[in-house]
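Let me begin by presenting the structure, written as structure tokens, before commenting on it.
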Amino acid sequence: MEEKGIVNKLQGHTGGSMPEFGFTLEESHDVAAFLQSQAKDVSLEKLPKAGKGRDDKKDKADGFTLLSSLGCVACHGIQEMSIKSTSEIGAADLSSIGLKRSSEWLYTWLKKPEALNADHRMPVFTLSNTERRQLALALSSLRKEADNGQARKQTHFADKAQKARTQQAPH
């Protein structure tokens, strides 16, 4: 996780179930630096290139469609789309996952989660490399951030997908 993501989490700016520690901003940066110094280096998969006739924008739009059609929102909070409270299930809220994880990390997680967390609980889906790429691009674009403790207004991810599809449609 990037230092900014750790600091935001410690400062309570990303939602989720992190307890309030009351750290100052400087203390949060110190904790983040320590945690990063203890992290193990992992080998991340490279994000494959877009297929013929495809680009990042098209793949990201299709990734948002997959987030809905694969049932990710049955367990995960993704902005306003979650079906259940993530605290009921213990699944992560993904509304700001792009602040914490790169597209390469997400691609690796979707391909072989045990390489990143041997004790993971997420089911492993049979996905093509293209589908993993699409999901990684969509997830890495989710960057709901707090602004002085106030969450920025976010557009529903389905609206983002529709807008992206409209922009890529031939005229």
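Descriptive notes on the structure:
- Test: residue in segment 118-130 that is at pLDDT 85 or above and touching a Phe, Trp or Tyr at 6+ places or on another chain (Cβ under 7 Å): no
- Residue in segment 33-47 that is modelled with pLDDT of 85 or more, closer than 18 Å to S140 by Cβ and among the β-branched types (V, I, T) present: no
- Scope segment 49-99; condition open to solvent by less than 60 Å² (accessible area, probe 1.4 Å), at pLDDT below 90 and in a loop (DSSP other than H, G, I, E, B); matching residues: G71, C75, H76, I78, S82, S85, G90, A91, A92, L94, S95, S96
- Test: residue in segment 127-141 that is touching a Ser or Thr at 6+ places or on another chain (Cβ under 8 Å), open to solvent by 40 Å² or more (accessible area, probe 1.4 Å) and either in contact (Cβ under 8 Å) with a residue 24 or more places away in the chain or among the hydrophobic types (A, V, I, L, M, F, W, C) (or both): no
- When E20 is tested against (1) of a type outside the set (K, R); (2) closer than 25 Å to L139 by Cβ; (3) open to solvent by 70 Å² or more (accessible area, probe 1.4 Å), just one condition goes unmet, and that condition is (2).
- Residue check, D30 surrounded by 19 or more Cβ atoms within 10 Å (Cβ to Cβ), modelled with pLDDT of 90 or more, more than 12 Å from the chain's Cα centre (by Cα) and among the charged types (D, E, K, R): no
The values are calculated or read from the model by the stated rules, or taken from the named source; none is laboratory data. No experiment lies behind these values; they were computed from the predicted model shown. Quick reminder, even Gly has a Cβ in these numbers, built from the backbone with ideal geometry, and neighbours come from all protein chains shown. In case anyone asks, the SASA skips ligands and DNA or RNA and just uses the protein heavy atoms, side chains included. Shrake-Rupley method; radii C 1.70, N 1.55, O 1.52, S 1.80 Å.
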